[in-house]
Number of protein chains: 2
Amino acid sequence: MQFDLTILGSNGAIPAHDRHPSAQILNYNGSLFLIDCGEGTQFRLNKFNIKRGRLDHIFISHLHGDHYFGLIGLLTSFNLNWRETPLHIYGPAGIEELMNVHFKHSQTQLKFQIHYHHVVADEPRVIYEDEVLQVETIILKHRLPTTGFYFKEKKGLRKILVEKIAEYKIPFRDITGIKKGADFTDENGRVVPNAELTTDPPEPRSYAYCSDTVYIDSFIEQIKGVGLLYHEATFADEHTARALETFHTTSRQAAEVAKHAKAGKLVIGHFSARYENLEPLLSQARGVFPETYLAREGTVFEI
Amino acid sequence: MQFDLTILGSNGAIPAHDRHPSAQILNYNGSLFLIDCGEGTQFRLNKFNIKRGRLDHIFISHLHGDHYFGLIGLLTSFNLNWRETPLHIYGPAGIEELMNVHFKHSQTQLKFQIHYHHVVADEPRVIYEDEVLQVETIILKHRLPTTGFYFKEKKGLRKILVEKIAEYKIPFRDITGIKKGADFTDENGRVVPNAELTTDPPEPRSYAYCSDTVYIDSFIEQIKGVGLLYHEATFADEHTARALETFHTTSRQAAEVAKHAKAGKLVIGHFSARYENLEPLLSQARGVFPETYLAREGTVFEI
């Protein structure tokens, strides 16, 4: 099952050095989830050939413009392209007013429904759930109410051993129960324990998006063992005071979060326009957490 | 005196083929005027190295998103870059509400003043004027109230002949009067007619921006003799009915406008996403008005 992340935009608030504001696409087995939607996101969906037909869920972390100014353009293009599938938007309640004032002035009649899911940044909540995946909010600390998003695969079913189906002549109707952990009782009343029939399911994979935030550790327990962590790293070491003042993080601090959360891999992004060269941010982070990577636009990270 | 136009975006409503929504920069002797501001305009100002410090006036034709979705991002970046110079925005009254709802949700305190000049699309009006230039609205016909913008140099001063200054010993204090057309009376009371002292000033240059609109001829008298005309050309001949239905123009119709207005040169833009190859639009227009050019992004047209 495909589960990967494509970076569309990785820069902080002021676009520079041909880097663009925050946006990324999570692909779970062909279903697309857009996380943040800075200005020009629709151009980068085009550039990286991402098919919008499979994009039904958009998550907005907070209402600083570099995280949502591209949303109205994307919605408008959906409409001009005759989208009919409903769209779900998860984020601060203000989004609805922001979009509606644009639709009002352009006299836009939407051809598809938008379901706004108002996210409150008070405590972690499950805001999305389907058969295989759920999304929890992560409470961050920024100048505006801000949440991260924690995408987790659900624990899968146990894997049944094909040769055991033949050996015990297990009928089709019992398969699902055994995958869920049941023992098998054959027609003679003999009980075969589940452990003989199945192996453990693969470990659930997970992805956490944390941007924007000052350096905090309050969500580390929540994301313990996360496979892939994206954490903002607006600043380098030399600007640690500035990070604190503006409620942002240094790359070294992002690496501390990854280390304590025992993450598999860390991707850093949301870089300040002052840095054309990002290598110092990367090496400062790697000093703490070697499995750190830069969020370069177009890069795809497997989860 | 420099007077030229740089195309930043030339596509219609749906971005495609690496073309972007409407935006252009008029440079008059170093002062910059931005005309329309589709999504991503700030990225293209960066790309083409256009210095925003000289940009104090922004003109918005109408409130379809492809003409203004980039405005909030540009204003926000001005603010993050500590702009202090006041900014003037000319366009439909709704712009002010649109910007303010964003500023409210992001809790933005602007460090510079924005003066909104509400433009009403009922009859041509002078909406901007300085010592050398004026801007009139052009009344267009689209699905929303829409105006074009007609930039005209003012008639310059007459050119004084240097050798006549020496010959008649014209004192410095009389120079401006003579440039304005006065005769010169020397210390003996002898009158030298202005015609002997000066030559005509250069013809005033002009630029007219007409987008979006259905094909109309009602503004042709107003812009008669315009040096450079930008006219939308969303469609090719084969979609003439569609142009009428959506209140847009074909490239051939744009060329008709240029021909009847006796324009010096025509630039066509606002191309529909359905055309990857724009050559048919260009050749259809040139059949009517040979001095037609495509608005390709990054192209600079001298006026």
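Derivation of every value follows stated rules applied to the coordinates shown; laboratory data play no part. It should be emphasised that the depicted structure is a prediction, and the values quoted were computed from it without experimental measurement. Quick reminder, even Gly has a Cβ in these numbers, built from the backbone with ideal geometry, and neighbours come from all protein chains shown.
Close amide H partners of A:Ile114, meaning residues 5 or more places away or on another chain with modelled amide H under 5 Å apart, are A:Leu87. Spread over its residues, the convex hull of the C-alpha atoms of the protein assembly as shown is 192 Å³ per residue. Each residue of segment B:11-16 was assigned a 3J(HN,Hα) from its phi angle through the Karplus curve 6.51 cos²θ - 1.76 cosθ + 1.60 (θ = phi - 60°); the sequence is 9, x, 4, 9, x, 6 Hz, with glycine and proline shown as x. What you get for the protein assembly as shown, charging only the Cβ of Lys and Arg (+1) and of Asp and Glu (-1), is a dipole of about 320 debye around the Cα centre. Projecting the Cα atoms of A:Cys37, A:Val101, A:Asn49 onto the charge dipole of segment A:20-135 (Cβ charges, centred on the Cα centre) puts A:Asn49 farthest toward the positive pole. Taking every residue in B:98-105 and counting other chain Cβ atoms within 10 Å of its Cβ, the average works out to 5. Going from the fewest other Cβ atoms within 10 Å to the most, the residues A:Glu153, A:Glu131 appear in the order A:Glu131, A:Glu153. The label point for B:Thr299 and the one for A:Asn188, both projected 7 Å from the Cα toward the Cβ, are 8.6 nm apart.
Backbone phi angles across segment B:71-87, fed through the Karplus curve with coefficients 6.51, -1.76 and 1.60 (θ = phi - 60°), yield HN-Hα couplings of 5, 5, x, 5, 4, 5, 5, 3, 5, 5, 8, 6, 4, 10, 5, x, 10 Hz in residue order; Gly and Pro are listed as x.
Taking Cα centre as origin and charging only the Cβ of basic (Lys, Arg, +1) and acidic (Asp, Glu, -1) residues, the dipole magnitude of segment A:159-199 rounds to 200 debye.
Exposure proxy for A:Cys210, A:Cys37: other Cβ atoms within 10 Å of each Cβ, ordered fewest to most, give A:Cys210, A:Cys37. The aspartates and glutamates within cross-link reach of B:Lys164, meaning a Cα-to-Cα straight distance under 20 Å and a gap of 8 or more places when in the same chain, are B:Asp174, B:Asp183, B:Asp186, B:Glu187, B:Glu196, B:Asp200. With 29 Å as the limit on Cα-Cα distance, the pairs of A:Lys265/B:Lys111; A:Lys47/A:Lys111; A:Lys104/B:Lys262 that go past it are A:Lys265/B:Lys111; A:Lys104/B:Lys262. Adding -39500 (n - 2.57) for every DSSP H run of four residues or longer, then dividing by how many residues chain B holds, sets the calculated 222 nm ellipticity at -6000 deg cm²/dmol. Cross-link reach is defined here as a Cα-Cα straight distance under 27 Å, omitting same-chain residues fewer than 8 places apart; for B:Lys259 the lysines meeting it are B:Lys141, B:Lys152, B:Lys154, B:Lys155, B:Lys224. Note on segment A:159-199: Rg/Rh from C-alpha atoms, Kirkwood Rh, equals 0.89. By the count of other C-beta atoms within 10 Å, a proxy for reagent exposure, B:Val267, A:Val162, B:Val135 are ordered fewest to most as A:Val162, B:Val135, B:Val267. Label-to-label distances for A:Ala241 across copies, nearest first, come out at 7.1 nm, using points 7 Å from Cα in the beta-carbon direction. Reducing segment B:34-66 and segment A:233-303 to their Cα centroids gives an inter-centroid distance of 32 Å. Across chain B, the volume of the C-alpha convex hull divided among the residues equals 152 Å³ per residue.
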